[in-house]
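The values are calculated or read from the model by the stated rules, or taken from the named source; none is laboratory data. Keep in mind it's a predicted model, so treat the numbers as computed, not measured. Methodologically, a virtual Cβ is constructed for each residue, glycine included, from the backbone with ideal geometry; neighbour enumeration extends over all protein chains shown.
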Amino acid sequence: RFEPSCNICHRYKGFSWISWGRTGMYSGTTDPSKPLPMKYHFLSGRHARRKAFLVLVIFVSLSCFLLYYVVTSLNTHALTVKAHRQRVASLEKQILALEKEIVLGKRDLYKQNTVISDALKSGVPDEVRRQLEQVQRSLHSLAVPRFKHRPETSHLDCRRLFHKDKRYMAEVGRSRIVLVESTVLNMDCESIRLRVLRSPQPLTGYGIAFARIVHTDYEFLEEQLRANYSPENHYCYHVDSKSPTVFKERMTKLSTCLPNVYLTEDHLEVDGRTGKNVNFAHMACLKLLEKKGSWQYVVLQQTHDVVIRTNQELKRIFQALNGSNDVEIGPCPAQNYDQRMKWDAESLGVFHNSTWRPSSEALKTPLFIVKGAVQASLSREAVKWMTRVNLTKLIGQFNVGKQSTDEMLMSSLQIAEEWEMPGRFTRRCFLNDSLSYDAITRMVQWRDTDSQCKAGFLRHSVCVLGIEDLPFIARYRHILVNKMMPSFDYGAIACVSELLFNRTYLGQNDHPLNMTFYENLPTVRFHNSLNDTRLLCQALRQL
């Protein structure tokens, strides 16, 4: 049996700590006077305090040294980053200055080319004519505009992608290009104008307006503006109130620097999933645009819509529409809106204090509610009507729904015969049959899984388009496609911009417009006084 005992605790009571010894039987002896062999270590209280203080001093010294090292390293890194950013900003300014000189030089070349053309029209000797024609060819080769890619996409061969080179497409698809926005983007007016107005588009004599709800991706939006910018057009943006501050500041600067770019005064919080406030945001743009310029049609857009038509092509399409609206129409599930509410014009106060005044019977007829897309193309007369009547309560009642609250307004107005919106269609095709009208404004692919999308990415049940979709985008009959996101496949977006550039400046005519198709759309035929609705409904079934 062993038991602990403090052999010397009474002898050395001045010590704060001592080791314990043990006595008892071992090795066959029972003599308790023989202690087990043990080593004792005595540590006085003063010695313990000194040792603890020394450890504390060493710990504090090491901590201070480590903190000094970390702070010094961070300061050095910050100075290096600052110097790098200043260098980048300086290089960007130099590049912009060079681009400005190039633009001015090209303008001089155009002027000289015009002078030579005028001289050739007059009577000049044959020898002089040959020399002038040679000079003109040289000037033309120097002045031909070329699409300029960003560094991220400068290696892309868009021609091979549009021609469906499967091996090259698979190679590019394995490492998709993502647009990383610059934190030091120059936002002075001169820089913005040089980026947007780099290649001014030829005038068409036909103004078009664009009403777009945006919340992110400023550089993408700026490049989309450049792709179809024209001084004849008008561009309105509604900025979501929950957008980042930097994005809001950049959009404000953009509207300040370009005379035909506008921001709405109100900044509503828009919910893209449920559609809350989307109609209110678009209405704010329509009210602003209705007071601007002499545009003929307006295109309603959202952030990640990409226009796939040049200004000249848009002009021809809208001339074919001839004042009719292009709005998607389809059946609306009953749960999308509150059927207990009153939906007649009188209860909604649509024509209160308005110069438009339908019959009393029409005022009491409930609105036939259908569903479509937010994106639509509206004639100026339709916009004038929408801004003169009072749609506030109607939009508010749609707004209280739980889903697709933004997809019922334009479609329902388009077939509200009693309300007589200019450019409307008839509701007779939708009363008994579950027919739909697929508008030409927007192309979208609704799917259930990622694997059903060519690029393999689904967002909110909509395929996000990538380089795999480019061969199809080039031949679509639509005005814009949805969705294309710079955070997923910026290369595809850049190639669409190059396609529009080549069609505009280089005369590329890869997929000519089929004007017969647009001229014979059911909405156009109805607007052009073809009142045989049986034929129109039959045409809808064939679309």
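Listed residues Phe472, Phe425; which is among the aromatic types (Phe, Trp, Tyr) and not in a loop (DSSP other than H, G, I, E, B)?
The unique qualifying residue is Phe472.
So, Thr523, is that one assigned to a loop (DSSP other than H, G, I, E, B), out of contact with any Lys or Arg (no Cβ under 7 Å at 6 or more places or on another chain) and of a type in the set (Val, Ile, Thr) or not?
Here the answer is no, as Thr523 does not meet what is asked.
Count, please, the residues in the range 38-83 that happen to be at pLDDT below 75 and out of contact with any strand residue (DSSP E or B) (no Cβ under 6 Å at 6 or more places or on another chain).
Number of matching residues: 8.
Which is modelled with pLDDT of 95 or more and surrounded by fewer than 19 Cβ atoms within 10 Å (Cβ to Cβ), of Thr365, Thr392?
Of the residues listed, the single one that is modelled with pLDDT of 95 or more and surrounded by fewer than 19 Cβ atoms within 10 Å (Cβ to Cβ) is Thr392.
I'd like the residue in the range 480-518 that is among the small types (Gly, Ala, Ser) and in a helix (DSSP H, G or I) and, out of all such residues, is surrounded by the fewest Cβ atoms within 10 Å (Cβ to Cβ).
Ser487
Quick one: is Thr216 of a type in the set (Val, Ile, Thr) and under 20 Å from Leu506 (Cβ atoms)?
Answer is no for this residue.
What's the number of the condition Phe398 fails, among (1) touching an Asp or Glu at 6+ places or on another chain (Cβ under 9 Å); (2) closer than 21 Å to Asn277 by Cα; (3) surrounded by fewer than 22 Cβ atoms within 10 Å (Cβ to Cβ); (4) of a type in the set (Phe, Trp, Tyr)?
Going through (1) touching an Asp or Glu at 6+ places or on another chain (Cβ under 9 Å); (2) closer than 21 Å to Asn277 by Cα; (3) surrounded by fewer than 22 Cβ atoms within 10 Å (Cβ to Cβ); (4) of a type in the set (Phe, Trp, Tyr) one by one, Phe398 breaks only (3).
Considering the range 230-255 alone, what residues qualify as being touching a helix residue (DSSP H, G or I) at 6+ places or on another chain (Cβ under 7 Å) and of a type in the set (Ser, Thr, Tyr)?
Scanning the range 230-255 gives Ser230, Tyr235, Tyr237.
Which count do you get for residues in the range 182-222 that are β-branched (Val, Ile, Thr) and surrounded by 20 or more Cβ atoms within 10 Å (Cβ to Cβ)?
4
Out of everything in the range 118-170 that is small (Gly, Ala, Ser) and assigned to a helix (DSSP H, G or I), what residue ends up being modelled with the highest pLDDT?
The qualifying residue modelled with the highest pLDDT is Ala170.
On the given criteria, is Val178 among the hydrophobic types (A, V, I, L, M, F, W, C) and either exposed (fewer than 13 other Cβ atoms within 10 Å of the Cβ) or modelled with pLDDT under 95 (or both)?
So Val178 does not fit the description; no.
Can you tell me which of Glu381, Glu417 is in a loop (DSSP other than H, G, I, E, B), surrounded by fewer than 21 Cβ atoms within 10 Å (Cβ to Cβ) and of a type in the set (D, E, K, R)?
Exactly one of Glu381, Glu417 is in a loop (DSSP other than H, G, I, E, B), surrounded by fewer than 21 Cβ atoms within 10 Å (Cβ to Cβ) and of a type in the set (D, E, K, R), namely Glu417.
Since Ala334 meets every condition but one in (1) out of contact with any His (no Cβ under 6 Å at 6 or more places or on another chain); (2) surrounded by 20 or more Cβ atoms within 10 Å (Cβ to Cβ); (3) among the small types (Gly, Ala, Ser); (4) closer than 29 Å to Val462 by Cα, which condition does it not meet?
Of everything listed in (1) out of contact with any His (no Cβ under 6 Å at 6 or more places or on another chain); (2) surrounded by 20 or more Cβ atoms within 10 Å (Cβ to Cβ); (3) among the small types (Gly, Ala, Ser); (4) closer than 29 Å to Val462 by Cα, Ala334 misses just condition (2).
So Ser412 fits all but one of (1) at pLDDT 95 or above; (2) over 24 Å from Lys292 (Cα atoms); (3) surrounded by fewer than 19 Cβ atoms within 10 Å (Cβ to Cβ); what number is the exception?
(3)
With the requirement that a residue be touching a residue at least 24 places away in the same chain (Cβ under 8 Å) and in a strand (DSSP E or B), what does the range 319-349 give you?
Within the range 319-349, Asp326, Ile329, Gly330 qualify.
Yes or no: the range 252-259 includes at least one residue that is of a type in the set (A, V, I, L, M), over 24 Å from Ser404 (Cβ atoms), in contact with an Asp or Glu (Cβ under 8 Å, 6 or more places away or on another chain) and modelled with pLDDT of 95 or more.
yes
Within the range 420-443, work out how many residues are at pLDDT 95 or above and surrounded by fewer than 19 Cβ atoms within 10 Å (Cβ to Cβ).
So the answer is 1.
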